[in-house]
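Trainee: Got a structure for you, written out below as structure tokens; questions coming shortly.
No value in this document is a laboratory result; all are computed from the given coordinates. As the structure is a prediction and not an experimental result, all values here were calculated from the model. Counting neighbours? That spans all protein chains shown, and the Cβs are built from the backbone with ideal geometry, glycine included.
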Amino acid sequence: MKTVSEFVPVLGAPVHASEAHLIRETATSWSVVFPEDFVEIAGAYGDGAISGYIYFCGARTLREYSERMGHLLEQSRSVPHVVLPTPGGALVWGNTVEGDQLFLVPREDGRWTVSAFRRGWADWHDTDLGFSDWFYLALAGETATDWLPEWEPLPHRLEYEE
């Protein structure tokens, strides 16, 4: 599990004073406990675009995005889970410019692992990795995947709306 400080080489310094408490409030309102690595990293870097490719929800957008997209995604035959705020649902935490939706899926053993609805292939892609491990490898270009881009030199360019 990676910490916020381990993301500095790939994302630069955190852009927010920690907004983790706001993400925990969203989780509590949905009667779930999000993985701590997700809470801390989304609280430090969320609510913006990463290298113009991944939009990463944080404290300001996570609830609205999940509530808006959750019901739509539940209707897709390619998404095999209910989506928060539906009880027991997966968390949609971001998307790519290609329309891929990024999820954390709760597992029976208590872990949450990263999965994605890949729009271009109209399929579901599961991983066995927790959030910070997958996110770090994906942003560092160290995942064996053909659906993420080859990145420019690190750190990533971050874009935030004020």
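Trainee: Compare the Cα positions of 129, 78, 143 along the charge dipole of the range 4-160 (+1 at Cβ of Lys, Arg; -1 at Cβ of Asp, Glu; about the Cα centre) and return the one farthest towards the positive end.
Mentor: Of 129, 78, 143, it is 78.
Trainee: Counting other beta carbons within 10 Å of each Cβ, put 69, 1 in order, fewest first.
Mentor: The fewest-first ordering by Cβ neighbours comes to 1, 69.
Trainee: Charges on Cβ only, +1 for Lys and Arg, -1 for Asp and Glu, centred on the Cα centroid of the chain; of 12, 58, 153, which one is farthest towards the dipole's positive end?
Mentor: Working it through, the farthest residue towards the positive pole turns out to be 58.
Trainee: Placing unit charges on C-beta atoms (Lys and Arg positive, Asp and Glu negative, everything else neutral), compute the dipole magnitude of the chain about its Cα centre in debye, rounded to 20. Don't skip to the answer; put the middle values down first.
Mentor: Working: 11 positive and 25 negative charges, 68 e Å.
The dipole magnitude comes to about 320 debye.
Trainee: For the range 110-146, state which chymotrypsin sites (Phe, Trp or Tyr not before Pro) are in a DSSP loop and have at most 13 other beta carbons lying within 10 Å of their beta carbon. Show your work: numbers first, answer last.
Mentor: On the way: sites: 112, 117, 121, 124, 131, 134, 135, 136; in loops: 121.
Here the chymotrypsin sites (Phe, Trp or Tyr not before Pro) that fit, given the DSSP loop and packing criteria, are 121.
Trainee: To the nearest µm²/s, what D does Stokes-Einstein give for the range 83-148 at 4 °C and 1.567 mPa s, using the Kirkwood radius over alpha carbon pairs as Rh? Mind showing how you got there, number by number?
Mentor: Values: Rh = 12.3 Å.
The estimated diffusion coefficient comes to 105 µm²/s.
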